[in-house]
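Report on the following structure.
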Amino acid sequence: MHPNPVFRDIGSAQNIAFARNRGFGVLVVNGEGGPHISHIPFLLNDDGTAAELHLVRSNPIVRIGEGVHQATLLVSGPDSYVSPDWYGVAEQVPTWNYIAVHLTGKLEQLPQEVMHEMLDRQTAAYEAQLLPKTPWTTAKMSPEVLDRMMRMIVPFRFTLTAVDGTWKLGQNKPDKARKSAAQEMVAGGIGSEVETLAAMMRDLDHG
């Protein structure tokens, strides 16, 4: 997380909402020889206190063993380089604007028999966000193939203990400079989801 508090003045509810909407992150768990890292989809519950996820059985995180393990789930948002020339203000330096949320918590392997129901919930949540279509469900699979797939993945619960977020949108710049940078960012910026980030910079409310 960025150390400047101006970029971290975001409530837990907004950080949780952001993580829920993204639904994809990087799970980090300490293990023998160093951290184990896995890119995973996840589903946060309604009150934002826990997430459901599953891992392939051969994943090193699964091999750490049963029990409760400290973990962090990193959720990244849009990001872009910001050139000093874009501000229209002298004596500026290059930087990178971005949004990132870190969820800290406890990872626990669940009984294998909950895997099917969990997968159905996750799939239903993702399918509902697609363009109008008949949702895919596990009912479309043959029982034999479904059973084989279920044996290859392992269910987990990630219980949140802390939420931190960095929303670096140029809050430390004058409105005119920030909006100028956002305009130039759209015209020729580099990064990920640059237009989304620029829109957030333009709409930033100093309240």
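Each reported figure results from applying straightforward, stated rules to the coordinates on display, with no laboratory input. Note that the coordinates shown come from a computational prediction; the quantities given were computed from them, not determined experimentally. Cβ atoms come from the backbone with ideal geometry, glycine included; neighbour counts cover every protein chain shown.
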Check your understanding: Between (1) 47, 35, 34; (2) 65, 43, 29; (3) 43, 41, 36, which matches Cα extents along the principal axes in Å calculated for the structure shown?
Key -> (2)
**Study point:** Expected 222 nm ellipticity per residue - DSSP helices of 4 or more, -39500 (n - 2.57), all of the chain, to 500
**Key:** -8500 deg cm²/dmol
**Study point:** lysines with Cα under 24 Å of Lys133, excluding same-chain neighbours fewer than 8 positions away
**Key:** none
Check your understanding: Cα to Cα, under 28 Å, and not fewer than 8 places away if on the same chain: which lysines meet these conditions relative to Lys176?
Key -> Lys168
Review point. Hey, fewest Cβ within 10 Å first, where do Glu117, Glu108 land in order?
Key: Glu117, Glu108
Review point. Contour minus end-to-end for Val68 and Gln92, with contour as 0.36 nm per residue of separation and end-to-end as the Cα-Cα distance?
Key: 4.0 nm
Review point. What FRET efficiency comes out for the pair Ala128/Ile37, r = Cβ-Cβ distance, R0 = 22 Å, nearest 0.05?
Key: 0.15
Practice item. Describe numerically, in nm with one decimal, the distance between label points set 7 Å from Cα along Cα→Cβ at Thr49 and at Ala139. Key: 3.2 nm
Exercise for review: For a footprinting-style exposure proxy, rank Met149, Met1, Met115, Met201 by other Cβ within 10 Å, fewest first.
Suggested key: Met1, Met149, Met115, Met201
Review point. Label points 7 Å out from Cα along the Cβ direction at Ile10 and Lys176: separation in nm?
Key: 2.8 nm
